[in-house]
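I have placed the structure first, in the form of structure tokens, so that the comments after it can refer back to it.
Taken together, the values in this text are just the output of simple stated rules run on the coordinates, not laboratory data. Remember, it's a predicted structure, so these values are computed and weren't measured experimentally. Positions of Cβ are backbone-derived with ideal geometry, glycine not excepted, and every protein chain shown enters the neighbour counts.
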Amino acid sequence: MSLASFNIVLIAPEIPQNTGAIGRLCVNTEAKLHLVKPLGFSLDESRLRRAGMDYWQHLNLEVYESWQDFLRQNQPKRLFFCSTKAQKSVYSLSFKAGDYLVFGNEGHGLPAAFYQEYRQYLYSIPMPGPQARSLNLANAVAIVLYEAMRQTKFAK
């Protein structure tokens, strides 16, 4: 497979349908999907495959035992973390091809240590609604990935 234009990293995803939809999104955008264990489902699960439809067979996918394993194997130069707890907007970022866009899981978000260790790289999607707490994970990934693509591919 060709070098991915962007890298989507999911930390301990819990819901197979979200991961399936994100896999489909990655195929359609030529992004690589990185899954960091533990996973809340089996990669053979029918709900994962159903959400990803027949795209799953074309997915550029890597699975890692831990965050440290992911870092060791990829040595990413530019990591950006998406969280509802971040103060800076993803729309303030200047994306570059090859960036790694990191998302926590549906129930707990990013691991607690990330908020300190990577605080200067934390960004959120603005949610002006007074009852807004969070977006669906697959929707959040799509919003950020398409903004990155808008800046680097579609704007030319």
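Only the Cβ atoms of Lys and Arg (+1) and of Asp and Glu (-1) were treated as charged; on that basis the dipole of the chain about its Cα centre amounts to roughly 500 debye.
Given the options LEU43, LEU71, LEU59, which has the most mean-square fluctuation in a GNM of the chain, springs set between C-alpha atoms less than 10 angstrom apart? For the chain, modelled as a Gaussian network with Cα springs under 10 Å, the answer is LEU71.
Cα extents for region 7-154 along the principal axes, largest to smallest and rounded to whole angstrom: 37, 33, 33.
What is the distance in Å between the Cα centroid of region 22-44 and that of region 104-156? Their Cα centres are 16 Å away from one another.
Among ASN18, ASN136, ASN28, the residue with the largest mean-square fluctuation in a Gaussian network model of the chain, with springs joining Cα atoms closer than 10 Å, is ASN136.
Comparing ARG133, ARG119, ARG50 in a Gaussian network model of the chain where C-alpha atoms under 10 Å apart are linked, the largest mean-square fluctuation is found at ARG133. For LYS88, the lysines whose Cα comes closer than 19 Å to its Cα, not counting residues fewer than 8 places off in the same chain, are LYS96. Here LYS153 is the anchor, and the aspartates and glutamates within straight C-alpha reach of less than 17 Å, apart from those fewer than 8 places off in the same chain, are GLU30, ASP99.
Run the numbers on the chain and let me know its relative contact order in percent, using alpha-carbon pairs under 8 Å that are six or more apart. Spell out each step's value before the answer.
Numbers: 268 pairs, mean separation 42.2, N = 156.
Relative contact order for the chain comes out at 27 percent.
When each of HIS34, HIS108, HIS58 is scored by the number of other beta-carbon atoms lying within 10 Å, the sequence from fewest to most is HIS108, HIS58, HIS34.
TYR91 to LEU71: FRET efficiency via 1/(1 + (r/R0)^6), r the Cβ-Cβ distance, R0 25 Å, to the nearest 0.05? The value I calculate is 0.40.
Whose amide H sits under 5 Å from the amide H of VAL63, counting only residues 5 or more places off or on another chain, with H placed in the peptide plane? Distant-sequence amide H within range of VAL63: LEU35. Going from the residue with the fewest nearby Cβ atoms within 10 Å to the one with the most, SER46, SER92, SER134 rank SER92, SER46, SER134.
When only C-alpha pairs under 8 Å and at least 6 residues apart count, what is the relative contact order of region 26-80, in percent?
On the way: 40 pairs, mean separation 26.7, N = 55.
Relative CO of region 26-80 lands at 48 percent.
What's the exposure ranking of THR19, THR84, going from fewest to most Cβ atoms within 10 Å? Please report the intermediate quantities before stating the final value.
On the way: THR19 29, THR84 15.
Ranked by crowding around the Cβ, least crowded first: THR84, THR19.
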